[in-house]
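The values are calculated or read from the model by the stated rules, or taken from the named source; none is laboratory data. Since the model is a prediction, treat every value here as computed from it, not as a measurement. Cβ: placed from backbone, ideal geometry, glycine included. Neighbour counts: every protein chain shown. Calculation scope for accessible area: heavy atoms of the full protein, side chains included, ligands and nucleic acids excluded. Shrake-Rupley method; radii C 1.70, N 1.55, O 1.52, S 1.80 Å.
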Protein chains: 2
Amino acid sequence: MSHAPTTKGRATRARIIEGAAEVLRERGVAFTTLDDIRARTATSKSQLFHYFPEGKDELLLAVAQFEADRVLEDQQPYLGCLDSWESWYQWRDAVVERYERQGDQCPLGSLFLQVGRSRPGARAIVAELMRQWQEQLARGMRALRARGLVSPTLDVDTTAAALLAGVQGGVSVMMSTGDSTHLKAALDTGIEYLRVTADRTGPR
Amino acid sequence: MSHAPTTKGRATRARIIEGAAEVLRERGVAFTTLDDIRARTATSKSQLFHYFPEGKDELLLAVAQFEADRVLEDQQPYLGCLDSWESWYQWRDAVVERYERQGDQCPLGSLFLQVGRSRPGARAIVAELMRQWQEQLARGMRALRARGLVSPTLDVDTTAAALLAGVQGGVSVMMSTGDSTHLKAALDTGIEYLRVTADRTGPR
DNA sequence: GCAAAAATGGACCAGCAAGTCCAGTCCGGG
DNA sequence: CCCGGACTGGACTTGCTGGTCCATTTTTGC
């Protein structure tokens, strides 16, 4: 048959994706050409199309997946064990730190815009990332609830969705303004909301 | 001197901006060419460059401003008088309705990505929009506070920033997934947070 | 009514970037 | 050693798109 990826081949493919991710973060999707990626990864045109036969879109999609995988990884181990107030605040700090370091680059967002809504692949990547992220937040809230730290009537799913939205929006605003105030406000207020419910004994 | 815009001239310019905004919403910035805009607005190349001498970027910036102006307008009159719980819920419904109607098109977000962080103009437009939006939310919260509907110790600015972030994030998620769950959750939880503080008499 | 300026039409240009092609090299198995 | 297929290099093609230019028409001020 045709394709049986060699060790070397797999390494090259990985190198392309990682290098492309770098360039894309720096210059932005709209201003990155295949030649830029070629230069950064020390590859030739034919290699690019050898590993991504469908062309640029396929490569961008692979980079999107690569970036998506990193998003949750970068929040570990905090995101994985949100079972005390302490751990929630550590997670908060990790998120703020990560995105402040990232600055005004939003690889995933711009990737999504470029690849387009048309291709279902892009949607799927983002949707799956959101699902997992929210799930982990919800699990953390359930852990708090199990320990009696928040109201037993807390609507975990809605609250997790709202917190996730806050983080997303905070990051979005930071992309536009370069200011992390909103991200911090969303995180702090979200956690504060959880704490407030601890003081209330019953529903409503 | 040179430029003294005629009535006809102003009309044409406006027609270009509005038509361009339509096309951009439909096809997305990355996939829209000047010829698309030309076709939609029934204009010629020279007209485009007559009214936007700096070229495509200048036109995109004008469209961005046009879209930004509509964002807050579309939330009126509700956003302007958030002085009762009733009015907050009406605002909530207006926001949800507006963005659900808009669907998966985010003219401003994609415009920003395309024009790029380089040009300060784009940043300024978004930053100013955010500032005004947040200011109106904060004013609404102060109105509630003045009526004793929320805690007198409510940190209005932080809470307004968090709520704005939630809305932004909700919209972002909806762009990606086509689902307005997060937007609704952010709005509901944000308002709920305000209501909760009403029950608490003092700080902390 | 008449210059001057604004507005318009559309052919044309230049550059760039995605994608193609083929020749040549490397590598693993037999 | 050697053969087939994976891998690599880079020149070339092609289509598109932003931008230019100038001729023509319409409008405005006087």
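Using the structure shown, decide if B:R15 is buried (at least 18 other Cβ atoms within 10 Å of the Cβ) and either among the polar types (S, T, N, Q) or more than 22 Å from A:F31 (Cα to Cα) (or both).
So B:R15 fails the test.
In the stretch B:179-188, how many are open to solvent by 20 Å² or more (accessible area, probe 1.4 Å) and hydroxyl-bearing (S, T, Y)?
Going through the stretch B:179-188 one residue at a time, the tally reaches 1.
Could you list, in sequence order, all residues of the stretch B:50-72 that are open to solvent by less than 80 Å² (accessible area, probe 1.4 Å), within 16 Å of DNA strand C (Cβ to nearest atom) and either within 14 Å of chain A (Cβ to nearest Cβ) or in a loop (DSSP other than H, G, I, E, B) (or both)?
Within the stretch B:50-72, B:F52, B:G55, B:K56, B:D57 qualify.
Criterion first (assigned by TED's automatic domain parsing to the domain that holds A:D188 and under 26 Å from A:R142 (Cα atoms)) does A:S110 satisfy it?
Working: assigned by TED's automatic domain parsing to the domain that holds A:D188: yes; under 26 Å from A:R142 (Cα atoms): no.
Taking the combined requirement at face value, the residue does not satisfy it.
I'd like the full set of residues that are assigned to a helix (DSSP H, G or I) and near DNA strand C (Cβ under 6 Å from one of its atoms), limited to the stretch B:3-21. Steps first, answer last, please.
As a first pass, look at the stretch B:3-21 and keep what is assigned to a helix (DSSP H, G or I): B:7-21.
Those that are assigned to a helix (DSSP H, G or I) and near DNA strand C (Cβ under 6 Å from one of its atoms): B:K8, B:G9, B:T12.
Could you count how many residues in the stretch B:78-93 are in contact with a helix residue (DSSP H, G or I) (Cβ under 9 Å, 6 or more places away or on another chain), open to solvent by 20 Å² or more (accessible area, probe 1.4 Å) and not hydroxyl-bearing (S, T, Y)? Explain how you work it out, then say what you get.
To start, the set of residues in the stretch B:78-93 that are in contact with a helix residue (DSSP H, G or I) (Cβ under 9 Å, 6 or more places away or on another chain) comprises B:78-85, B:87-93.
Among the residues that remain, those that are also open to solvent by 20 Å² or more (accessible area, probe 1.4 Å) are: B:78, B:80-81, B:83-85, B:89-90, B:92-93.
Now restrict to residues that are not hydroxyl-bearing (S, T, Y): B:80-81, B:83, B:85, B:90, B:92-93.
Number of matching residues: 7.
Would you pick out the residues in the stretch A:18-33 that are open to solvent by 30 Å² or more (accessible area, probe 1.4 Å) and either touching a residue at least 24 places away in the same chain (Cβ under 8 Å) or of a type in the set (D, E) (or both)?
From the stretch A:18-33, those open to solvent by 30 Å² or more (accessible area, probe 1.4 Å) are A:18, A:22, A:25-27, A:30-31, A:33; that's our starting set.
Within the stretch A:18-33, A:E18, A:E22, A:R25, A:E26, A:A30 meet the criteria.
Table: residues versus (1) at the interface with chain B (Cβ under 9 Å from one of its Cβ atoms); (2) part of a helix (DSSP H, G or I); (3) free of Cβ contacts under 8 Å to residues at least 40 places away in the same chain.
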site	(1), (2), (3)
A:A127	yes, yes, yes
A:M130	yes, yes, yes
A:W133	no, yes, no
A:D157	yes, yes, yes
A:A165	yes, yes, yes
A:M175	yes, yes, no
A:H182	yes, yes, yes
A:L187	yes, yes, no
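Taking A:S176 as the residue in question, decide whether it is modelled with pLDDT under 95 and either surrounded by 15 or more Cβ atoms within 10 Å (Cβ to Cβ) or touching a helix residue (DSSP H, G or I) at 6+ places or on another chain (Cβ under 6 Å) (or both). Please lay out each step first, then the result.
Working: modelled with pLDDT under 95: yes; either surrounded by 15 or more Cβ atoms within 10 Å (Cβ to Cβ) or touching a helix residue (DSSP H, G or I) at 6+ places or on another chain (Cβ under 6 Å) (or both): yes.
For A:S176, the condition - modelled with pLDDT under 95 and either surrounded by 15 or more Cβ atoms within 10 Å (Cβ to Cβ) or touching a helix residue (DSSP H, G or I) at 6+ places or on another chain (Cβ under 6 Å) (or both) - is met.
Testing B:R25 on (1) more than 9 Å from DNA strand D (Cβ to nearest atom); (2) more than 19 Å from B:Q114 (Cβ to Cβ); (3) among the basic types (K, R), one condition comes back false. Which one is that?
(2)
Checking the conditions here, which among B:Q47, B:Q105, B:Q75 is within 16 Å of DNA strand D (Cβ to nearest atom) and either surrounded by 14 or more Cβ atoms within 10 Å (Cβ to Cβ) or at pLDDT below 95 (or both)?
Details: B:Q105 fails: within 16 Å of DNA strand D (Cβ to nearest atom); B:Q75 fails: within 16 Å of DNA strand D (Cβ to nearest atom).
Just a single option satisfies the conditions, and that option is B:Q47.
Which residues, counting only those in the stretch A:34-44, are open to solvent by 50 Å² or more (accessible area, probe 1.4 Å) and not basic (K, R)? Please lay out each step first, then the result.
Going residue by residue through the stretch A:34-44, those that are open to solvent by 50 Å² or more (accessible area, probe 1.4 Å) are A:35, A:38-40, A:42.
Result: A:D35, A:A39, A:A42.
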